[in-house]
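The values are calculated or read from the model by the stated rules, or taken from the named source; none is laboratory data. Since this is a predicted model, take the numbers as computed values, not measurements. All Cβ positions, even for glycine, are placed from backbone atoms using ideal geometry, and neighbour counts span all protein chains on display. All accessible areas refer to the heavy atoms of the entire protein, side chains included, with ligands and DNA or RNA removed. Shrake-Rupley method; radii C 1.70, N 1.55, O 1.52, S 1.80 Å.
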Amino acid sequence: MAAVGTSRYSMVSIVLHWAIALAIAWMIWVGWWMTDAIQDPAQASAAFRNYQLHKSVGLTILVLSVIRLIWRFTHSFPPLPTHMPAWEKAAARASHLLLYGVMLAMPLTGWLYVSAGWNSAMNMPFAAPTIWFGQFEWPHMPGLADASDATRGAVAGAAMSVHAKLAWGAIALVALHAAAALKHHFFDRDSVLASMLPIIRPLRRRTAVADGRDTRS
């Protein structure tokens, strides 16, 4: 729900936003590195250690994303600026929905891949437990442990394919999201970026005066 007069996101929203954003950026980078490193004997050990960390961070993103969605629909947040045209507001809402979808789908497909217990790159069984930051074992999705090799291989292949495509989708959406935020800050000079980044203040907006010069309001 949006509250009239709300000009800034709550601290909970801000912390969740940046924590998830930074975690996703790290996950995409280390995911690509692991894809090559796991097949290199010299780097395989380091890749496996990061594989466990990758899974832990991914599951944390899933939990934080669920919390953020619940918080979003139960707390107030700043409305979109009134100067935005209808098409831009619709695009903003659509991109946010897609971002939420990616934030949930990426860790879910990764979890599904791990649960299948199959190494798609080598086309062989690879049952590895997920130890959340070395503290406790995270359960696999039910129904796959006793499935046939063919089923597990098919599930793992599909899950990894979607997971990789979602990574590219995340990059595109984050780039679009960042570009829109910068556009709001430097061109529209509104409070969209400042509402989620408390360390900055909105730039003063230019307003036309009678003699044709620009002043800053």
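List the residue pairs whose Cβ atoms are under 7 Å apart, where the first residue sits in the stretch 121-150 and is touching a residue at least 40 places away in the same chain (Cβ under 8 Å), the second is part of a loop (DSSP other than H, G, I, E, B) and of a type outside the set (K, R), and the two are 6 or more positions apart or on different chains.
Once the first residue is touching a residue at least 40 places away in the same chain (Cβ under 8 Å) and sits in the stretch 121-150, its partners that are part of a loop (DSSP other than H, G, I, E, B) and of a type outside the set (K, R) give A121/Q39.
Being of a type outside the set (A, V, I, L, M, F, W, C), open to solvent by 30 Å² or more (accessible area, probe 1.4 Å) and in a loop (DSSP other than H, G, I, E, B) is the filter here, so list the residues in the stretch 77-92 that pass it.
P79, T82, H83, P85
From the residues in the stretch 110-128 that are assigned to a loop (DSSP other than H, G, I, E, B) and open to solvent by less than 60 Å² (accessible area, probe 1.4 Å), which one is modelled with the highest pLDDT?
So the first thing to find is which residues in the stretch 110-128 are assigned to a loop (DSSP other than H, G, I, E, B), and the list is 117, 120-123, 126-128.
Those left that are additionally open to solvent by less than 60 Å² (accessible area, probe 1.4 Å): 117, 120, 128.
On the way: G117: 91, S120: 81, A128: 84.
By that ranking, first place goes to G117.
Which of the residues belonging to the stretch 45-66 are charged (D, E, K, R) and out of contact with any strand residue (DSSP E or B) (no Cβ under 6 Å at 6 or more places or on another chain)? It would help to see each step written out before you state the result.
Step one: of the stretch 45-66, the residues charged (D, E, K, R) are 49, 55.
Correct list: R49 only.
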